[in-house]
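Notes follow once the structure below has been shown.
The values are calculated or read from the model by the stated rules, or taken from the named source; none is laboratory data. Treat the numbers as computed from the prediction; the structure is a model and nothing was measured. Neighbour counts run over all protein chains shown; Cβ positions are idealised from the backbone, glycine included. The area values use the complete protein model at the heavy-atom level, side chains included, leaving out ligands, DNA and RNA. Shrake-Rupley method; radii C 1.70, N 1.55, O 1.52, S 1.80 Å.
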Amino acid sequence: METLPQPLEQRMARFRDCCLSHGLAVTHQRAVIYQELAGSMEHPSPEMIYERVRARIPDISLATVYKSIKTFADLGLLREVNPFTESQRWDANLDPHHHLICTRCKSVTDLPEATVAPIEFRTPLPEPFQVQRLSVEVLGLCVACAALKK
Ligand SMILES: [Zn+2]
Ligand SMILES: [Zn+2]
């Protein structure tokens, strides 16, 4: 089993603090949705989260899950990952890190920041741009996909 880079309790505490400081009620529904996001290493899509939340809150709608995810992202509690699929994928790991992305099954795996040498620009950027962070996407095949015969 992979271990979470940050304990789930810590992520949930940050979630509650952030909601409170933004005047957003920590409803049972929101807490369950964020818990499923924060406890996942898979960079899940809203549909994946919906399936998991539905097991705990049967009458929840996909629209509610989408809306909550947008709210969490606006508060900076989630980051969007670009896994080259049509579906959104979300990351509750807010520590600096990179990603291994499988081009076949679209799995997204965290790569610790220290794995990659610090990125530097060789020349000034072509136009003024406020850099917020640099992240590397390593594209390739995961173990399972590489093992598949064509
Ligand atoms: Zn794969
Ligand atoms: Zn990640």
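State whether the residues of region 51-74 include one that is assigned to a strand (DSSP E or B) and open to solvent by 40 Å² or more (accessible area, probe 1.4 Å). Even if it seems obvious, please write down each step before you answer.
Going through region 51-74, the residues assigned to a strand (DSSP E or B) turn out to be none.
No, because not a single residue in region 51-74 is assigned to a strand (DSSP E or B) and open to solvent by 40 Å² or more (accessible area, probe 1.4 Å).
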Subset of region 36-76 [farther than 21 Å from residue 109 by Cβ and touching a Leu at 6+ places or on another chain (Cβ under 8 Å)]: 50, 71, 72, 75, 76
Subset of region 36-57 (residues that are small (Gly, Ala, Ser) and closer than 10 Å to residue 89 by Cβ): 45
Tally of residues being open to solvent by less than 60 Å² (accessible area, probe 1.4 Å) and closer than 20 Å to residue 7 by Cα across region 35-50: 9
Every residue from region 106-143 that is more than 22 Å from residue 86 (Cβ to Cβ) and outside any loop (DSSP other than H, G, I, E, B): 110, 111, 112, 113, 114, 115, 143
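Has region 122-137 got at least one residue that is farther than 26 Å from residue 14 by Cα and open to solvent by less than 60 Å² (accessible area, probe 1.4 Å)?
Within region 122-137, the subset farther than 26 Å from residue 14 by Cα is 122-130, 137.
Pick out the ones that are also open to solvent by less than 60 Å² (accessible area, probe 1.4 Å) and you get none.
No, region 122-137 contains no residue that is farther than 26 Å from residue 14 by Cα and open to solvent by less than 60 Å² (accessible area, probe 1.4 Å).
If the requirement is being open to solvent by 20 Å² or more (accessible area, probe 1.4 Å) and closer than 24 Å to residue 28 by Cα, which of these qualifies: 80, 86? I'd like the intermediate steps shown before the answer.
Details: 86 fails: closer than 24 Å to residue 28 by Cα.
From the options 80, 86, the qualifying one is 80.
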